[in-house]
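Heads up: the structure comes next, in structure tokens.
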2 protein chains.
Amino acid sequence: MTNSLDQVSISDCVLRDGFQILPEPVPLHFKKKILKLLVDSGIKDAEITSMVPPKLIPQFGDAAELIAYANELDLKTATVLVPNIKGAERAIAAGAKSIVLPISVSETHSNKNIRKSRADQVIELKKIRQLIDQQPVQSRPILIAGISTVFGCSYEGKVSESEVFRIVESCMEAGVEHLGLADTVGYASPNQVKRIFATYEREVGAVKSVRAHFHDTFGLGLANVCAALDAGVRVFDASLCGLGGCPFAPNASGNITLEDLVYLMQKLGMKTSINLDKLLEGQAILQEALPGQHLYGMINRAGKYPADFKPER
Amino acid sequence: MTNSLDQVSISDCVLRDGFQILPEPVPLHFKKKILKLLVDSGIKDAEITSMVPPKLIPQFGDAAELIAYANELDLKTATVLVPNIKGAERAIAAGAKSIVLPISVSETHSNKNIRKSRADQVIELKKIRQLIDQQPVQSRPILIAGISTVFGCSYEGKVSESEVFRIVESCMEAGVEHLGLADTVGYASPNQVKRIFATYEREVGAVKSVRAHFHDTFGLGLANVCAALDAGVRVFDASLCGLGGCPFAPNASGNITLEDLVYLMQKLGMKTSINLDKLLEGQAILQEALPGQHLYGMINRAGKYPADFKPER
């Protein structure tokens, strides 16, 4: 019998978070190949693109095509990031089944990242909720709030934890179906992670289904995952080969590496839907699609993992 | 007032564990420069060389000179690895103040690594104890047992935990002053680490002063450190720029990266003797000494860490 506390949900964000920092757009056929590999590996949730003006970020000029392709695959949620109501309109028109709006805890980051105050972004969230509710039932996407700079901000440094929960509350009131807490710049530390998610469980509840999004900028990514697990979190973001970035630390790595996260979970005896051997084929596709790009992941580097790896409970 | 549970001791093993896998001997002047940098950064304990026949491992042909240099510096312990009594004799003759004898939990690894059974290696340990006790008091080195393959073995897979503690007991009976438990091939996982060190505290006691030696072969190094910290461990090994290796995973990384470990400890509010800014100068020395060698460390890669980084308790 499966104890549902043993089950973790791992979603990939390489096509959105990983690709947004690349200097050149990746051809659509590579994006499809990567998404197909992720799905074939057992990934059920992925953040696949961003619905932003192609003039601003040419990388996502093929968003509508990728959404259409994702809808042909066996995904539970193919999530599209939208910065505002306009993006949401376009995402819905393109057939998006899940959309995420980023909201910063840091006012400075909010203004720099989306050129809106936090208060205005909450208003935007409410507008998107209304827009979704006006759609025919079968075409209403899931609405997610992606709360950023939860664990620190490269502009403001420490952020206020009471502000984190004020924003969480605003998002719940606005009618989001899911919430993610993101360590946008990799500042989180294990004790802080434990404390914030423990507070989440106490004040909001259902910490099990909140999504933890960690970056590995300073090497603490998987240690933070363990801390979040201890606090009851069971939904994690990661990216294939750790792609992603932090514009404030030019050579820094990005998200935690999907492959290493899956390995960690299996070693901890947690159940995922993912076949690690299949997933390890992803590195070769990224090497072909992104020649010269530094790819992360210790298992990718080792080239193999212990064949007898049994869960250690 | 300082709570001693806040204090961690971090030792470096790049000159021994990191350099033993390099194809060419590193010139002595670079070794001295690295050791000096480590000491200037506040490192008090380092494993600096191995007393093995230079024909077998030319890298350590300068062991006596490096021991003499280390004795001029402000180190608490400059440890020399010795594979047997012969090595111990030479280390003592060279003025070593601390020696470590490796003993495997895995019988197969013991035979492959030091060409001796575990039982014979315990006999060797007793001989070394006798040898040390015959020295004049002021030239008696500290005797350490470095217990390897504690968390798994690339030959035998899982190792028996009761065997771990049988070996620990034999080493204590043989009169070692310190013990290290090593994840020689990077197989450890956080739950396993917590369990084994909890057993150590229960069955042996003073887990606070046992040395945890982790490799980052599959990316779990710092997560394992957090698990060990939770179990009460306060002494950790690491290596500058993560150098080290696992002969069974050709492209794998080595030890956990010293710089990232120091950052983690500071983020957790633990006190170390180490100045991270000074330590980050080590990368440039290694780049010069080892052209073309892949160096590890996420902070090394990011080039900086958050300037405002405060402990997060």
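The values are calculated or read from the model by the stated rules, or taken from the named source; none is laboratory data. Because the structure is a prediction, the values reported are computed rather than measured. Glycine also receives a Cβ, built like all others from the backbone with ideal geometry; neighbour counts cover every protein chain displayed.
Residues in region A:249-274 that are hydrophobic (A, V, I, L, M, F, W, C), over 18 Å from the mean Cα position of the chain (by Cα) and more than 9 Å from chain B (Cβ to nearest Cβ): A:M270 alone. Among the residues of this structure, A:E156 counts as one that is over 26 Å from A:K76 (Cα atoms) and acidic (D, E). Applying the criterion of being closer than 29 Å to A:N300 by Cα and more than 9 Å from chain A (Cβ to nearest Cβ) to the residues of region B:198-223, the residue that is surrounded by the fewest Cβ atoms within 10 Å (Cβ to Cβ) is B:R211. Of all the listed residues (A:S117, A:S106), the sole one being touching an Asp or Glu at 6+ places or on another chain (Cβ under 9 Å), under 21 Å from A:V159 (Cβ atoms) and in contact (Cβ under 8 Å) with a residue 40 or more places away in the chain is A:S106. Would you confirm, using the coordinates I've provided, whether A:L66 is hydrophobic (A, V, I, L, M, F, W, C), more than 22 Å from A:I256 (Cα to Cα) and out of contact with any strand residue (DSSP E or B) (no Cβ under 9 Å at 6 or more places or on another chain)? Spelling it out, it is not the case that A:L66 is hydrophobic (A, V, I, L, M, F, W, C), more than 22 Å from A:I256 (Cα to Cα) and out of contact with any strand residue (DSSP E or B) (no Cβ under 9 Å at 6 or more places or on another chain). For region A:35-63, name all the residues that are part of a helix (DSSP H, G or I) and in contact with a strand residue (DSSP E or B) (Cβ under 6 Å, 6 or more places away or on another chain). Result: A:L38, A:F60, A:A63. A residue that is aromatic (F, W, Y), buried (at least 22 other Cβ atoms within 10 Å of the Cβ) and either within 26 Å of B:Q130 (Cα to Cα) or modelled with pLDDT under 95 (or both) cannot be found anywhere in region B:163-177.
Residue under question is B:E259, and the condition is that it be surrounded by fewer than 24 Cβ atoms within 10 Å (Cβ to Cβ), of a type in the set (D, E) and touching a Leu at 6+ places or on another chain (Cβ under 8 Å); does it hold? Against the criterion (surrounded by fewer than 24 Cβ atoms within 10 Å (Cβ to Cβ), of a type in the set (D, E) and touching a Leu at 6+ places or on another chain (Cβ under 8 Å)), B:E259 does not qualify. Under the condition of being over 18 Å from A:S189 (Cα atoms), within 11 Å of another protein chain (Cβ to nearest Cβ) and touching a residue at least 24 places away in the same chain (Cβ under 8 Å), the residues counted in region B:275-299 number 1. A residue that is more than 24 Å from A:I10 (Cβ to Cβ), more than 9 Å from every other protein chain (Cβ to nearest Cβ) and out of contact with any strand residue (DSSP E or B) (no Cβ under 8 Å at 6 or more places or on another chain) cannot be found anywhere in region A:175-186. Checked against (1) loosely packed, with under 14 Cβ neighbours inside 10 Å; (2) at pLDDT below 95, B:A284 passes all but a single condition, namely (2).
For region B:13-42, filtered to residues that are within 13 Å of the chain's Cα centre (by Cα) and not acidic (D, E), the residue that is surrounded by the fewest Cβ atoms within 10 Å (Cβ to Cβ) is B:Q20. Got a sec? Which of B:G175, B:G146 is on the phi > 0 side of the Ramachandran plot and touching a residue at least 12 places away in the same chain (Cβ under 8 Å)? Among B:G175, B:G146, only B:G175 is on the phi > 0 side of the Ramachandran plot and touching a residue at least 12 places away in the same chain (Cβ under 8 Å).
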